[in-house]
Amino acid sequence: DVIDSKQYEIFKPEELGTTAYKYLFILENAQSNPANITKAKNLEYIFSRRHDEVIAPIGKNITKNCFANVQWVTRKLAEMYLGADGLPIDNAQSTAGVDYSTPDNEYAKRDNRMTNTLMAPGRKYWNNNASHTTWTDADKAAFDNKDFYPTSGSGYNNQKWATERNVKDEYEGYDFPIIRYAEVLLNYAEAVFERNADAEGNIMDASKVDAALVYLNEVRQRVNPNMPGLTTSFATTHNLKMREEIRRERTVELFNEGFRIDDLKRWKTAENEMPQTMLGIKWKGTEYESWNTTFSLNDEGCVVVETGRQWADKNYLYPLPSDQLQLNPTL
């Protein structure tokens with residue numbers, strides 16, 4: 001019904017091109033992007049928590065927290081971003097050829113959501129201390145931050161929700177989406193697939209699945225117009241598991257919006273995912289080794305962020321609410 005209503009659409013103004021995903025999350029009525037697009041042009045948010053610099057500021061410095069690596073991005077996420085050819089980077093047929101020797105090489109020829117979301121080391125970034133004023137090359141030269149290099153955490157840093165305009169501390173005014181159209185499309189594609197697949201992921205009606213994947217590809221190709229769409233034939237040709245690819249799209253698109261743990265629970269994969277060692281960038285044998293920073297590394301030379309995590313079946317359930325325990329001590 002939401003799709004058929006035609007009330008909502010994926011936010012992808014032509015003027016923003018392959019950066020539309022980044023600017024969607026920092027859209028304000030002040031000039032928050034190079035095309036001066038305002039919130040009125042955002043028809044993707046169905047229900048959101050509204051903020052405004054004057055009448056309802058967020059009240060936290062979201063930008064500084066994002067740049068300070070409050071969200072510890074793991075290697076798990078970084079490696080989930082597809083190559084520009086639409087294939088997982090570990091796929092035998094992939095042409096992405098990910099080279100970890102330098103940060104630029106790792107981010108090259110990938111899903112553009114990767115550079116819209118993560119802060120590629122060695123590049124310059126604005127924030128609300130060193131912000132845009134005109135978005136011209138001269139402005140960039142004068143107001144750019146210094147080159148960004150991670151010195152702690154996982155080595156992967158987040159820039160989703162980090163504004164680029166000059167804004168008073170704690171007064172960012174972009175909205176938070178409670179539900180947006182992209183989620184609806186991903187929900188629909190996943191539901192149709194699960195209705196037409198068995199427990200092993202074998203598809204019983206490819207035509208129905210392909211019809212639903214059209215909507216998933218609207219999300220996938222927002223900032224990847226040249227990336228092949230996900231179809232049953234594409235998956236078969238490249239030996240892809242459709243369930244895994246649908247879940248991948250959901251994970252990278254909805255990153256840092258509060259979905260991941262609930263998804264792992266409903267997929268009943270949390271017992272496999274949650275105990276995994278949390279890894280960061282590949283340090284050994286790369287440009288990172290020349291930096292004056294010390295990290296704990298695993299046998300493959302990757303940064304170890306956290307290890308020894310555990311997951312029990314009871315963790316699939318929410319705990320009894322504390323107020324109910326007070327009302328009924330026999331619980």
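The values are calculated or read from the model by the stated rules, or taken from the named source; none is laboratory data. No experiment lies behind these values; they were computed from the predicted model shown. Neighbour counts are summed over all protein chains in view; Cβ atoms, including those assigned to glycine, are modelled from backbone coordinates with ideal geometry. Surface areas here come from the heavy atoms of the whole protein model, side chains and all, with no ligands, DNA or RNA. Shrake-Rupley method; radii C 1.70, N 1.55, O 1.52, S 1.80 Å.
Overview of values
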read-out	value
Hits in the stretch 297-331 - residues which are open to solvent by 60 Å² or more (accessible area, probe 1.4 Å), under 20 Å from Ile261 (Cβ atoms) and in contact with a helix residue (DSSP H, G or I) (Cβ under 8 Å, 6 or more places away or on another chain)	Asp313
Residue within the stretch 219-226 that is touching a strand residue (DSSP E or B) at 6+ places or on another chain (Cβ under 8 Å) and not in a loop (DSSP other than H, G, I, E, B) present	no
Failed item in (1) open to solvent by 20 Å² or more (accessible area, probe 1.4 Å); (2) out of contact with any helix residue (DSSP H, G or I) (no Cβ under 9 Å at 6 or more places or on another chain); (3) of a type in the set (Ser, Thr, Tyr), with Tyr100 passing the rest	(2)
Those residues of the stretch 31-77 which are among the basic types (Lys, Arg) and either crowded, with 16+ Cβ neighbours inside 10 Å or not in a strand (DSSP E or B) (or both), in sequence order	Lys39, Lys41, Arg50, Lys60, Lys64, Arg75, Lys76
Filter result (in a helix (DSSP H, G or I) and farther than 20 Å from Glu257 by Cβ) within the stretch 8-30	Gly17, Thr18
Members of the stretch 245-272 found to be assigned to a helix (DSSP H, G or I), without any contact (Cβ under 8 Å) to a residue 12 or more places away in the chain and not aliphatic (A, V, I, L, M), listed by number	Arg260, Asp262, Arg266, Asn272
Looking only at the stretch 297-318, and only at residues there that are aliphatic (A, V, I, L, M) and assigned to a strand (DSSP E or B), the one that is nearest to Gly153 (Cα to Cα)	Val305
Among residues of the stretch 150-196, those that are in a strand (DSSP E or B) and either closer than 21 Å to Asp262 by Cβ or open to solvent by 50 Å² or more (accessible area, probe 1.4 Å) (or both), counted	6
Failed condition for Ala211, given (1) assigned to a helix (DSSP H, G or I); (2) buried (at least 18 other Cβ atoms within 10 Å of the Cβ); (3) of a type in the set (Gly, Ala, Ser)	(2)
Residue, surrounded by the most Cβ atoms within 10 Å (Cβ to Cβ), within the stretch 1-30, restricted to residues that are among the small types (Gly, Ala, Ser) and either in contact with a Gly (Cβ under 8 Å, 6 or more places away or on another chain) or under 28 Å from Met119 (Cβ atoms) (or both)	Ala20
So Arg123, is it out of contact with any His (no Cβ under 9 Å at 6 or more places or on another chain) and either at pLDDT 95 or above or among the β-branched types (Val, Ile, Thr) (or both)	no
When residues of the stretch 262-273 are limited to those that are open to solvent by less than 50 Å² (accessible area, probe 1.4 Å) and not aromatic (Phe, Trp, Tyr), the one nearest to Tyr100 (Cα to Cα)	Glu273
Search result, residues across the stretch 10-58 that are of a type in the set (Phe, Trp, Tyr) and farther than 20 Å from Asn158 by Cβ	Tyr45, Phe47
Qualifying residue in the stretch 156-166 (condition: modelled with pLDDT of 90 or more and aromatic (Phe, Trp, Tyr))	yes
Selected residue (criterion: surrounded by the most Cβ atoms within 10 Å (Cβ to Cβ)) from residues of the stretch 279-296 that are part of a loop (DSSP other than H, G, I, E, B) and free of Cβ contacts under 8 Å to residues at least 60 places away in the same chain	Lys284
Qualifying residue in the stretch 244-256 (condition: over 18 Å from the mean Cα position of the chain (by Cα) and open to solvent by 40 Å² or more (accessible area, probe 1.4 Å))	no
Qualifying residue in the stretch 227-243 (condition: of a type in the set (A, V, I, L, M, F, W, C), within 30 Å of Phe193 (Cβ to Cβ) and surrounded by fewer than 15 Cβ atoms within 10 Å (Cβ to Cβ))	no
Pairs with Cβ under 6 Å, 6+ apart, first in the stretch 222-242 and farther than 17 Å from Met114 by Cα, second part of a loop (DSSP other than H, G, I, E, B) and aliphatic (A, V, I, L, M)	His238/Leu87
Subset of the stretch 271-296 [within 22 Å of the chain's Cα centre (by Cα), more than 19 Å from Ile261 (Cα to Cα) and not small (Gly, Ala, Ser)]	Ile281, Lys282
